[in-house]
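K.L.:
Take this structure first; my questions come after.
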Amino acid sequence: MILRIEKREQGSALFRSLTTTASLLCALLFAGFLLFFAGVDPAAAYLEILKESLGSSYGLSETLVKATPLIITGLAVSIAFRMQIWNIGAEGQIYMGACGATGVALFSGLDSPLMLPAMFAAAFIAGGLWAAVAGLLRALWQVNEVIVTLLMNYIAILLTNYLIFGPWKNPDGYNFPLTAQFSDAARLTEYFNTRLHSGFFLALFCALAVYLLMERTIWGFQVKAIGSNPAAARYAGMKTGLAIFLVLALSGAIAGVAGFSEVAGLQHRLQHGISPGYGYTAIIIAWLARRSALGVVIVSLLMGILLVGGDSLQLSWQLPVAFAYAFQGLILFFLLASDFFINFRLRRVKETDDA
Amino acid sequence: MLEILLDATVRAGTPILFATLGAIINERAGIINLGIEGLMLIGALSGFAATFASGSLFLGVVAAFVAAFIAGSIHALICVQLRGNQIVSGLALTLFGVGITALFGRGLVGQTIEGFERHAVPLLAQLPLVGKAFFNQDWLIYFSFLLVIAIWFFLYHSRWGLNLRTVGENPTAADACGIPVNLYRFLAVACGSGFVGIGGAYLSLVYTPMWIENMTAGRGWIAVALVIFASWSSFRALGGAYLFGGVTAMQLRFQAMGTTVSVHILQMLPYIFTIVVLVISTLRLQKGASQQPGNLGLPYDREDRK
């Protein structure tokens, strides 16, 4: 008796969500082993994650605060995914969006009703232009967008550092690498005495807008068509190069909005580490959500729980912030492995069958 | 002055050289590996930890190879046996590497070791200009020269190398010839990852003999881009890695001279340079000089044969 691998027809939705859940649980279990070897009691750590993120109204609000940039960048990455384009540069685009918004907040001299829309627009454009470089290179010359968007993350972060260590440094800031605080006109509304700000509703609005754009417009249909079969799309007269450029630029612009939401809603100034890797987490969110805008929102909320819990583990167990990355990597590994069981089945066959 | 700059070029280029060579072996078998950054970190940490514990630099290098070999096997298992998405799996490997090294490296931050010493090669080290830069170096750099030649010889002058290239070019044909496609792919990914790990160990054992969280700072991604620049050839990888090393060395030199240009702007140079190189080599690739393995990035499924 031997095992043979066979292709499986598209499994049911129930089967797909069961395997996804199972792979998440496997990742949790495996991460538990890692924590154990690093000298941390995994059960206590997981309990703490749940308690900190969901156990109080403040914890809940923090989970929504963390989910905000994740939803926006998750959407950004997912629209590029639709076209089989990989935007690994959301991290840098967040930084550029934050720089754009900060530039307007500090130097435009605008006041109340105009200030926030101008900051939003600046962030949208800055993020979009940043990603458009990769889009242009890919559309014109098929330069690998994965490598370009990724390398541009390092450049964006260095550019931000240049600004906060140099020309934009707060003159009254005791030489700390920070810009001056934003005026009240450049801040998003905060609710219930927590850090929850209107950026969260902006994120939900983005989800709705992306849903409508992708599912209810001809352009969205074209993007999906090019993604699933570029040759056929070209034959049908679609301009694939232009679409690739636009999709990457739009993806970057949306990620830039997350930068706006972070500086205007949360930090109220530009400083180092405005994004602790949201752009990378967004890739996992987009992959997990499997193309759905609603899925992005749900998965981002789950990731928000993880990040809030992770922050508290950092304090109580001295775990490095980067441990969240190991966990995210594990989730992806198990998801990829589970895809195998969705697409294939193992069947026992008698040896005589094989011949 | 030029001698010092050349010496710094070789030392800054060597970690990237190992990583690029490892990535070339991966891609020759048809598997894209975007986990290079993570593998370098895993190599850097395990190399440092093993040397710190045992006092032996040799054991450090072996540990770096073995640890990255094991981590690369995860990527191999997912891409080869489970036919998963190679891009996502590679990204996962990078994230995993960044996270797990931060976790297990906590206790080693701030510790120091005695790094590899220089050993001059008799006669060759006396050569004017290039002698000191290339032949008054440490054992790992000499090993990298050897590896460049060995990989070239393996790919073009051995049966196994021919088989490997066939697997990357046309797995269906390879399978028809009786070459075990999946075995070749698995071993190429795992061994290639091991060499990437040694590149990471060069950072933690020689370049800055200590462990710093996320010490690779994007070198793995630069290596991924250099594979295309090198058109999947080990000798061109040598050139590419030193070109990059030269930009880094010059950038550091400018900083040391105390120019008025911001450090942050200078630090951007290697990344900008890599993007420019990537664009140029992609353009050249399209002019028909392509050495790109025909089946790069595609899983092989025997049932799909046409």
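The values are calculated or read from the model by the stated rules, or taken from the named source; none is laboratory data. Predicted model only: the values in this text are computed from it and were never measured. Glycine gets a Cβ as well: all are built from the backbone with ideal geometry, and neighbour counts include every protein chain shown.
K.L.:
Before we move on, is A:Leu270 in contact with a Leu (Cβ under 6 Å, 6 or more places away or on another chain) and either at pLDDT 90 or above or over 30 Å from A:Asp184 (Cβ atoms) (or both)?
P.N.:
In short, no.
K.L.:
Same structure again: Which residues, taken from the range A:40-84, are under 30 Å from A:Val223 (Cα atoms), within 13 Å of chain B (Cβ to nearest Cβ) and outside any helix (DSSP H, G or I)?
P.N.:
Of everything in the range A:40-84, just one residue is under 30 Å from A:Val223 (Cα atoms), within 13 Å of chain B (Cβ to nearest Cβ) and outside any helix (DSSP H, G or I), namely A:Gln84.
K.L.:
When you go through (1) part of a helix (DSSP H, G or I); (2) surrounded by 23 or more Cβ atoms within 10 Å (Cβ to Cβ) one by one for B:Asp7, which number turns out not to apply?
P.N.:
(2)
K.L.:
If only one of B:Ala223, B:Ala201, B:Ala190 is buried (at least 21 other Cβ atoms within 10 Å of the Cβ), modelled with pLDDT of 90 or more and within 12 Å of chain A (Cβ to nearest Cβ), which one is it?
P.N.:
Among B:Ala223, B:Ala201, B:Ala190, only B:Ala223 is buried (at least 21 other Cβ atoms within 10 Å of the Cβ), modelled with pLDDT of 90 or more and within 12 Å of chain A (Cβ to nearest Cβ).
K.L.:
Out of B:Ile265, B:Ile272, B:Ile228, which single residue is within 12 Å of another protein chain (Cβ to nearest Cβ), outside any loop (DSSP other than H, G, I, E, B) and touching a residue at least 24 places away in the same chain (Cβ under 8 Å)?
P.N.:
Going through B:Ile265, B:Ile272, B:Ile228 in turn, just one is within 12 Å of another protein chain (Cβ to nearest Cβ), outside any loop (DSSP other than H, G, I, E, B) and touching a residue at least 24 places away in the same chain (Cβ under 8 Å): B:Ile228.
K.L.:
Could you check, for the range A:113-126, whether at least one of its residues is small (Gly, Ala, Ser) and more than 12 Å from A:Ala253 (Cβ to Cβ)?
P.N.:
yes
K.L.:
Are any residues in the range B:101-116 assigned to a helix (DSSP H, G or I) and in contact (Cβ under 8 Å) with a residue 24 or more places away in the chain, and if so, which ones?
P.N.:
B:Thr101, B:Ala102, B:Phe104, B:Leu108
K.L.:
Does B:Arg284 meet the test of being modelled with pLDDT of 85 or more, in a helix (DSSP H, G or I) and among the basic types (Lys, Arg)?
P.N.:
No: the conditions fail for B:Arg284.
K.L.:
Next question. How about the range A:140-236: which helices (runs of 4 or more DSSP H) wholly inside it have at least 3 residues that are touching a residue at least 40 places away in the same chain (Cβ under 8 Å)?
P.N.:
A:145-165, A:199-216, A:218-228
K.L.:
What number of residues within the range B:79-100 satisfy the criterion of being at the interface with chain A (Cβ under 8 Å from one of its Cβ atoms), touching a residue at least 12 places away in the same chain (Cβ under 8 Å) and within 14 Å of A:Gly329 (Cα to Cα)?
P.N.:
11
K.L.:
Does B:Arg118 fit the bill of being over 27 Å from B:Asp7 (Cβ atoms), surrounded by fewer than 21 Cβ atoms within 10 Å (Cβ to Cβ) and not hydroxyl-bearing (Ser, Thr, Tyr)?
P.N.:
So B:Arg118 does not fit the description; no.
K.L.:
Kindly check whether there is at least one residue in the range A:88-105 that is surrounded by fewer than 22 Cβ atoms within 10 Å (Cβ to Cβ) and not charged (D, E, K, R).
P.N.:
Scanning the range A:88-105 turns up at least one residue that is surrounded by fewer than 22 Cβ atoms within 10 Å (Cβ to Cβ) and not charged (D, E, K, R).
K.L.:
Continuing with this model, one more query. For the range A:31-39, check the following and say yes or no: at least one residue is part of a helix (DSSP H, G or I), away from chain B (no Cβ under 14 Å) and out of contact with any His (no Cβ under 8 Å at 6 or more places or on another chain).
P.N.:
Scanning the range A:31-39 turns up no residue that is part of a helix (DSSP H, G or I), away from chain B (no Cβ under 14 Å) and out of contact with any His (no Cβ under 8 Å at 6 or more places or on another chain).
K.L.:
Any idea how many residues of the range A:277-318 are buried (at least 16 other Cβ atoms within 10 Å of the Cβ), within 13 Å of chain B (Cβ to nearest Cβ) and without any contact (Cβ under 8 Å) to a residue 60 or more places away in the chain?
P.N.:
Result for the range A:277-318: 1.
K.L.:
Please determine, by comparing only the residues of the range B:248-262 that are away from every other protein chain (no Cβ under 14 Å) and modelled with pLDDT of 85 or more, which one is farthest from B:Leu34 (Cα to Cα).
P.N.:
Of everything passing the filter in the range B:248-262, B:Met250 is farthest from B:Leu34 (Cα to Cα).
K.L.:
I need the full set of residues from the range A:122-131 which are away from chain B (no Cβ under 14 Å), buried (at least 20 other Cβ atoms within 10 Å of the Cβ) and aliphatic (A, V, I, L, M), in order please.
P.N.:
Listed by number, the residues that qualify are A:Ala122, A:Ala123, A:Ala126.
K.L.:
May I pose another question? Run A:Lys239 past the list (1) closer than 30 Å to A:Val143 by Cβ; (2) surrounded by 15 or more Cβ atoms within 10 Å (Cβ to Cβ); (3) basic (Lys, Arg) and report the number of the one that doesn't hold.
P.N.:
(2)
K.L.:
Report whether or not A:Leu136 is within 14 Å of chain B (Cβ to nearest Cβ), in contact (Cβ under 8 Å) with a residue 24 or more places away in the chain and surrounded by fewer than 20 Cβ atoms within 10 Å (Cβ to Cβ).
P.N.:
yes
K.L.:
For B:Ala133, are the conditions met, namely being without any contact (Cβ under 8 Å) to a residue 12 or more places away in the chain, surrounded by 18 or more Cβ atoms within 10 Å (Cβ to Cβ) and either in a helix (DSSP H, G or I) or among the polar types (S, T, N, Q) (or both)?
P.N.:
No: the conditions fail for B:Ala133.
K.L.:
In the set B:Ala50, B:Ala67, which member is at pLDDT 95 or above, in a helix (DSSP H, G or I) and more than 8 Å from chain A (Cβ to nearest Cβ)?
P.N.:
B:Ala67
K.L.:
Let me ask you something else. Give the residues of the range A:110-121 that are free of Cβ contacts under 8 Å to residues at least 60 places away in the same chain and either small (Gly, Ala, Ser) or surrounded by 17 or more Cβ atoms within 10 Å (Cβ to Cβ) (or both), sorted by residue number.
P.N.:
Listed by number, the residues that qualify are A:Ala118, A:Ala121.
K.L.:
Still on this structure: Could you tell me which numbered condition B:Gly245 fails, if it satisfies all but one of (1) modelled with pLDDT of 85 or more; (2) surrounded by fewer than 17 Cβ atoms within 10 Å (Cβ to Cβ); (3) more than 30 Å from B:Asn182 (Cβ to Cβ); (4) away from every other protein chain (no Cβ under 14 Å)?
P.N.:
Evaluating B:Gly245 over (1) modelled with pLDDT of 85 or more; (2) surrounded by fewer than 17 Cβ atoms within 10 Å (Cβ to Cβ); (3) more than 30 Å from B:Asn182 (Cβ to Cβ); (4) away from every other protein chain (no Cβ under 14 Å) leaves (2) as the failure.
K.L.:
Moving on to the next point. Residue check, A:Ala203 against (1) in contact with a Leu (Cβ under 7 Å, 6 or more places away or on another chain); (2) modelled with pLDDT of 90 or more; (3) farther than 30 Å from A:Ala233 by Cβ, all met but one. Which one?
P.N.:
Condition not satisfied by A:Ala203: (1).
K.L.:
Answer yes or no: is there a residue in the range A:244-263 that is over 18 Å from the mean Cα position of the chain (by Cα) and within 30 Å of A:Thr179 (Cβ to Cβ).
P.N.:
Checking the range A:244-263: not a single residue is over 18 Å from the mean Cα position of the chain (by Cα) and within 30 Å of A:Thr179 (Cβ to Cβ).
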